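Enquirer: First the structure, which I've put down as structure tokens, then a few questions once you've had a look.
The values are calculated or read from the model by the stated rules, or taken from the named source; none is laboratory data. It should be emphasised that the depicted structure is a prediction, and the values quoted were computed from it without experimental measurement. Because the Cβ atoms are built from the backbone with ideal geometry, glycine has one as well, and the counts that use them run over all protein chains shown. Remember, those area values only see protein heavy atoms, side chains included, never the ligands or the DNA or RNA. Shrake-Rupley method; radii C 1.70, N 1.55, O 1.52, S 1.80 Å.
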Amino acid sequence: MYKRYNFRIIFMDYLMPDMNGDLATILIRKIEKYNELIKVPIIGITANNMQNIESKCLLSGMNAVLTKPIPFEKLKKIIQE
């Protein structure tokens, strides 16, 4: 899907059925690098507030991580950055 559409921002759930968000982010970053594309902001979304999950997300190339439930003001601030 990433290859077919021009996304301006991606909200990536950390836990997905077929591929976790950190792996999907790594693959997106590889596609961007290979094709010399501008990095699309990727915001990780998780229900787990453990520090190691946030670290995994950021190390995979996500720009930020939000924990559910997401406060509107925090979401607004991240989008504006």
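Enquirer: Stretch residue 78-residue 26 to full length: gain in nm at 0.36 nm per residue minus the Cα-Cα span?
Expert: Full extension from residue 78 to residue 26 adds 16.7 nm.
Enquirer: Amide H of residue 65: which non-local residues (sequence gap of 5 or more, or other chain) have their own amide H closer than 5 Å, using H built in the peptide plane?
Expert: Under 5 Å from the amide H of residue 65: 44.
Enquirer: Taking the C-alpha atoms of the chain, how large are the radius of gyration and the largest Cα-Cα span, Dmax, in Å?
Expert: According to the Cα coordinates of the chain, Rg and Dmax are 12.5, 35 Å.
Enquirer: Picking from 37, 15, 58, which is most flexible by a Gaussian network model of the chain using Cα springs under 10 Å?
Expert: 37
Enquirer: With a probe of 1.4 Å, find how much accessible area the chain has per residue, and write the answer as a whole number in Å².
Expert: Dividing the accessible area of the chain by its residue count gives 76 Å².
Enquirer: Sticking with this one: Can you list the chymotrypsin sites (Phe, Trp or Tyr not before Pro) in the stretch 1-71 that are in a DSSP coil and have 14 or fewer other beta carbons within 10 angstrom?
Expert: Within the stretch 1-71, the qualifying chymotrypsin sites (Phe, Trp or Tyr not before Pro) (loop, at most 14 other Cβ atoms within 10 Å) are 2, 5, 7.
Enquirer: Still on this structure, I have one more. Percent relative contact order of the chain, based on C-alpha pairs within less than 8 angstrom and at least six residues apart?
Expert: It rounds to 29 percent for the chain.
Enquirer: Tell me the carbon and sulfur percent of the accessible area for the chain, rounded to whole percent, probe radius 1.4 Å.
Expert: On the chain, the fraction of accessible area on carbon and sulfur atoms equals 57 percent.
Enquirer: In deg cm²/dmol, rounded to 500, what helix-only [θ] at 222 nm does the chain give when every DSSP H run of at least 4 residues adds -39500 (n - 2.57) and the total is split over its residues?
Expert: Taking each H run of at least 4 residues, the total per residue is -12500 deg cm²/dmol.
Enquirer: List every residue whose amide H lies under 5 Å from the amide H of residue 11, counting only residues 5 or more places away in sequence or on a different chain, with H placed 1.01 Å from N in the peptide plane.
Expert: 43
Enquirer: Using a basic spin-label model with each label point 7 Å from the Cα along Cα→Cβ, how many nm lie between residue 39 and residue 18?
Expert: Reported label-point gap for residue 39 and residue 18 is 2.6 nm.
Enquirer: Which angle between 0 and 90 degrees, to the nearest 10, do you get for helix 21-34 versus the longest principal axis of the chain when only C-alpha atoms count?
Expert: So the inclination is approximately 30 degrees.
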